[in-house]
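Written out below as structure tokens is the structure these notes cover.
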Amino acid sequence: MGFLSTTLSVSRYHIENTFDSEPMEQVRQGLVKHAIPKLENEYEEISAGWTPYESPYLPDFEKFSFVFGPYFLFSLRIDKKSIPAKLVHKQMAMEIEKKKEKSGRDFISKNEKSEIKEMVMDVLMHKMPSIPNVYDILWNYESADLFVFTTQKAANEFFETIFLKSFNLKPIRIFPYTLVETKSGFSAAQKDRILTLTPLHHVR
Amino acid sequence: MLDIATAYTKYSFLGNDFLTWLWCIIETDQDITRLMASKEPISLDIGNSLVLENTLGDKSKEKITIKGDQAGLEEGTTALKKGAKVTEMNLVCTLGKEAEYTFTIKGESFNITGLKPPAAGKDGADDEIEGLVLEKAHLLFRITRVIDTLFLAYLTQRTADDWKDNDLARMRAWIYND
């Protein structure tokens with residue numbers, strides 16, 4: 001769901017620490033360095049990287065901005081190859097038949113089937129285009145708040161890894177405990193009281 | 001700060017207890033504007049779904065989902081009496097005169113899904129995109145501030161000396177229809 005969609009899913013983060021200087025330039029460098037490659041690599045099952053919000057399929061940060069007022073807005077694109085099982089079965093059946101004809105045998109050994117499967121998977125992996133998934137990111141650098149517009153676990157894990165690599169800043173996922181620790185403004189004594197709480201039970 | 005994975009599991013109950021408390025606040029018509037010390041009026045209603053979970057004697061889990069715009073929530077309070085906790089809630093939040101948000105929030109993760117903020121203006125030319133972005137961003141940060149403020153208000157009450165005699169007693173009276 002894109003940032004400007006009618007309906008959104010949101011995972012929230014707190015960004016620990018700040019840049020020493022020139023945040024805009026540091027963000028720009030990180031985005032460019034870890035941008036998704038313009039040309040698809042035929043051999044990679046998964047490819048991930050940053051891309052401009054306004055141009056998810058042409059990752060050109062010279063042409064498209066990532067600065068919108070006080071916010072940084074850009075996208076994480078994750079390209080994944082997914083080969084349908086039925087296609088694998090079909091190709092395997094064809095290759096097994098070819099092998100039988102060539103060898104003059106009526107059967108194919110388990111090892112030979114494994115080899116055929118590996119070969120089929122390899123060929124299909126090269127031929128299959130990747131399916132792109134684009135996740136928008138909104139970053140309020142001043143308040144250290146960041147939204148990733150997905151709640152998918154795998155996408156968020158990709159985001160956390162690539163964000164840290166790109167900017168050397170740690171994204172901390174916001175859930176009840178981290179909200180207390182990073183955003184509450186509670187005193188140390190109050191936090192201690194909260195962290196010694198136990199679940200409420202309403203059974204009489 | 002604790003290790004994130006450990007903290008997530010250990011304190012997942014905080015969010016679920018918060019949702020239960022919030023449900024009680026809404027159902028007993030308490031003044032949310034005053035609770036949040038807000039300058040503009042804020043109202044909250046349960047939306048079209050409520051999910052509870054109960055851990056049974058054999059450690060298996062029972063999930064109770066109540067769905068529908070006019071769904072009665074009595075089954076939910078019955079589940080609370082049996083030890084269930086609210087794990088997910090759809091809410092309708094109105095800020096000021098007419099800025100209406102609907103969203104579903106999960107207690108343990110504070111993940112937000114199905115978030116519909118007020119309309120941020122129509123699609124326009126490319127040079128208007130900055131305006132749309134700024135407006136949408138403002139709306140999103142506004143609602144997350146509301147959620148945060150409510151959660152922190154809950155924690156303040158929860159750790160107050162008079163918690164048992166005030167909020168907890170009120171919750172029990174509501175659950176058991178005393």
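The values are calculated or read from the model by the stated rules, or taken from the named source; none is laboratory data. Fair warning: this is a prediction, and the values are worked out from it, not measured in the lab. Cβ placement follows ideal geometry from the backbone for every residue including glycine, while neighbour counts extend to all protein chains displayed. Calculation scope for accessible area: heavy atoms of the full protein, side chains included, ligands and nucleic acids excluded. Shrake-Rupley method; radii C 1.70, N 1.55, O 1.52, S 1.80 Å.
With a Förster radius of 41 Å applied to the C-beta separation of B:Glu62 and A:Leu39, the computed FRET efficiency comes to 0.20.
For segment A:1-85, the set of chymotrypsin sites (Phe, Trp or Tyr not before Pro) satisfying both a DSSP loop assignment and a count of at most 13 other C-beta atoms within 10 Å is given as A:Tyr43, A:Tyr57.
Most simply put, the protein assembly as shown has about 100% antiparallel DSSP beta bridges, counting only bridges with both residues inside it.
Using a 1.4 Å probe on the protein heavy atoms, what percent of the accessible area of segment B:29-178 belongs to carbon and sulfur?
44 percent
Kirkwood analysis of chain A, using all unique Cα-Cα pairs, places the hydrodynamic radius at 20.6 Å.
Taking Cα centre as origin and charging only the Cβ of basic (Lys, Arg, +1) and acidic (Asp, Glu, -1) residues, the dipole magnitude of the protein assembly as shown rounds to 1320 debye. Relative to the longest principal axis of the Cα atoms of chain B, helix B:12-27 runs at roughly 80 degrees. Taken residue by residue and averaged, Cβ atoms of other chains lying within 10 Å of the Cβ of A:93-102 number 0. A 1.4 Å probe, protein heavy atoms only, puts the accessible area of B:Met1 near 120 Å².
Estimated at 0.36 nm per residue, the fully extended path between A:Lys191 and A:Asp20 surpasses their Cα-Cα distance by 58.6 nm.
Interface burial in segment B:13-28, defined as at least 30 Å² less accessible area with all protein chains than with the chain alone at a 1.4 Å probe, covers B:Phe13, B:Leu14, B:Asp17. Taking label points 7 Å from Cα along the Cα-to-Cβ direction, B:Gln30 and B:Glu128 give a separation of 4.3 nm. Here segment A:17-69 has 49 percent of its accessible surface on carbon and sulfur atoms, given a 1.4 Å probe and all protein chains in place.
Between helix A:153-167 and chain A, what is the angle of the helix's C-alpha long axis to the longest principal axis, kept within 0 to 90° and rounded to the nearest 10? The angle comes out at about 70 degrees. When the alpha carbon coordinates of segment A:93-146 are projected onto the principal axes, the ranges are 72, 19, 12 Å, largest first. Which of the three applies to segment B:81-178, rounded, prolate or oblate, going by the alpha-carbon gyration tensor with a ≥ b ≥ c and a/c under 1.5 meaning rounded? Cα axes put segment B:81-178 in the prolate bin. Here is how the number arises for chain A: DSSP H runs of 4 or more residues each give -39500 (n - 2.57), the sum is divided by the residue count, and the result at 222 nm is -12500 deg cm²/dmol. Ranking A:Ser65, A:Gln152, A:Tyr53 by how far each Cα lies toward the positive end of the dipole of chain A (charges on Cβ) leaves A:Gln152 at the top.
How many Å² of accessible area per residue for the protein assembly as shown, probe 1.4 Å?
Details: 20360 Å² over 382 residues.
Ligands and nucleic acids excluded, the result is 53 Å² per residue.
Across segment A:1-103, the convex hull enclosing all Cα atoms gives 179 Å³ per residue.
The Rg/Rh ratio for segment A:1-43 is 1.10, where Rg is the radius of gyration of the alpha carbons and Rh is the Kirkwood radius.
So what is the orientation-averaged projected area of segment B:8-161, using the convex hull of its C-alpha atoms, in nm²?
11.5 nm²
The orientation-averaged projected area of the convex hull spanned by the Cα atoms of the protein assembly as shown comes to 25.9 nm².
Restricting to DSSP loop positions (anything but H, G, I, E, B) with no more than 14 other Cβ atoms inside 10 Å of their own Cβ, which trypsin sites (Lys or Arg not before Pro) remain in segment A:34-106? Counting only loop positions with at most 14 other Cβ atoms within 10 Å, the trypsin sites (Lys or Arg not before Pro) in segment A:34-106 are A:Lys38, A:Lys63, A:Arg105. Accessible surface buried at the A:B interface totals approximately 4500 Å², computed with a 1.4 Å probe on protein heavy atoms. Burial here means at least 50 square angstrom less accessible surface with every protein chain in place than with the chain by itself, probed at 1.4 Å; in segment A:65-81 the buried residues are A:Phe68, A:Tyr71.
Using only Cα atoms and rounding to the nearest 10 degrees, what angle (0 to 90) does helix A:110-127 make with the longest principal axis of chain A? In chain A, helix A:110-127 runs at an angle near 60 degrees to the longest axis.
Residues of segment A:6-33 whose accessible area, computed with a 1.4 Å probe over protein heavy atoms, drops by at least 30 Å² once all protein chains are present relative to their chain alone are A:Thr6, A:Thr7, A:Leu8, A:Val10, A:Arg12.
Here is how the number arises for chain B: DSSP H runs of 4 or more residues each give -39500 (n - 2.57), the sum is divided by the residue count, and the result at 222 nm is -13000 deg cm²/dmol.
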